[in-house]
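The values are calculated or read from the model by the stated rules, or taken from the named source; none is laboratory data. What you see is a predicted model, and the numbers here were worked out from it, not measured in a lab. Positions of Cβ are generated from backbone atoms using ideal geometry, with glycine treated the same way; all protein chains shown enter the neighbour counts. Keep in mind that these areas ignore ligands, DNA and RNA; they rest on the heavy atoms of the full protein, side chains included. Shrake-Rupley method; radii C 1.70, N 1.55, O 1.52, S 1.80 Å.
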Amino acid sequence: MQAFRNVLLTLLTQGPLAVDRAALLQHWSYFYVRSIGCVGVLKEWLVRATALALREGSDALTLTHLARRALSEAQCARMVADITDGDNEWRYPEEHRHRLLALLGMRDMPSLPSSPATPRPIAPMASAVPRAEPPKKTAQQRVGVRGPHRDPVGAREQTAKPTKCLGAGALDLDARRLTQSAIAQVECPTCGAVRTAKLKAQSVVFPTHAPLKTHTTRKGARWSKGETGWALSKP
């Protein structure tokens, strides 16, 4: 607990905006849950919230900015599940082995026979004919003259594939509210991109997209997530 509070305080002091550190530290448990205790996730969260505050012309980083750029509870749950599954695969190999043997009705795990020693290669015999030495260079290259070699032609461009935003997937937005409002435009809680949400099995699903690098130019009505939850923003 104390280690996470120290990390949170250190990251808050390094931002370009004014921050009420004492007030934000009172909500350290909220930061811990929405970052699943990972410093990397916490740092990226603070960067997204700072970018939002700068785009809106704010002089201070508030809890409202942080809540609008926090990962959803469903995203945090998936990340924790992935971490737990990975730990279990490496932490309990003996239990997995016993369970496999029990399912197969066996007691001991069969082992492979040891492979025979690889024979050492025979060294080639020395030739009786002496090896000819390469001719010595007679002319020395002048200082400042470049040696012959092939120059690259044209410029090589490496196009990096855009990474996917973490805001895609199921949202904690009530599907009934979305249907009753007849407005399907939703603002990504992670990067701020505006996309048309879809309904799947009574859940609101935000489509896969690349992270938004600039402020959105859409000014129409849309659903956005604030400190108190999802709300309909009208122009």
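Numbers below:
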{"quantity": "Residue within segment 25-36 that is in contact with a helix residue (DSSP H, G or I) (Cβ under 7 Å, 6 or more places away or on another chain), closer than 18 Å to GLU227 by Cβ and among the polar types (S, T, N, Q) present", "calculated": "yes"}
{"quantity": "Conditions (1) under 26 Å from LYS213 (Cβ atoms); (2) crowded, with 16+ Cβ neighbours inside 10 Å: number failed by LEU8", "calculated": "(1)"}
{"quantity": "Subset of segment 11-31 that is under 16 Å from GLU44 (Cβ atoms) and of a type in the set (A, V, I, L, M) - its residue that is least open to solvent (accessible area, probe 1.4 Å)", "calculated": "LEU12"}
{"quantity": "Test: residue in segment 214-222 that is surrounded by 19 or more Cβ atoms within 10 Å (Cβ to Cβ), out of contact with any helix residue (DSSP H, G or I) (no Cβ under 6 Å at 6 or more places or on another chain), at pLDDT 80 or above and among the basic types (Lys, Arg)", "calculated": "yes"}
{"quantity": "Residue in segment 141-155 that is modelled with pLDDT under 65, of a type in the set (D, E, K, R) and either assigned to a loop (DSSP other than H, G, I, E, B) or under 30 Å from ILE36 (Cα atoms) (or both) present", "calculated": "no"}
{"quantity": "Count of segment 159-205 residues which are in a helix (DSSP H, G or I), open to solvent by 40 Å² or more (accessible area, probe 1.4 Å) and touching a residue at least 12 places away in the same chain (Cβ under 8 Å)", "calculated": "2"}
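This table checks each residue for (1) touching a strand residue (DSSP E or B) at 6+ places or on another chain (Cβ under 8 Å); (2) of a type in the set (Phe, Trp, Tyr); (3) surrounded by 13 or more Cβ atoms within 10 Å (Cβ to Cβ).
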residue	(1), (2), (3)
ARG48	no, no, yes
ALA51	no, no, yes
ASP59	yes, no, no
ALA67	yes, no, yes
GLU73	no, no, no
ASP87	no, no, no
GLU94	no, no, no
ARG97	no, no, no
ARG107	no, no, no
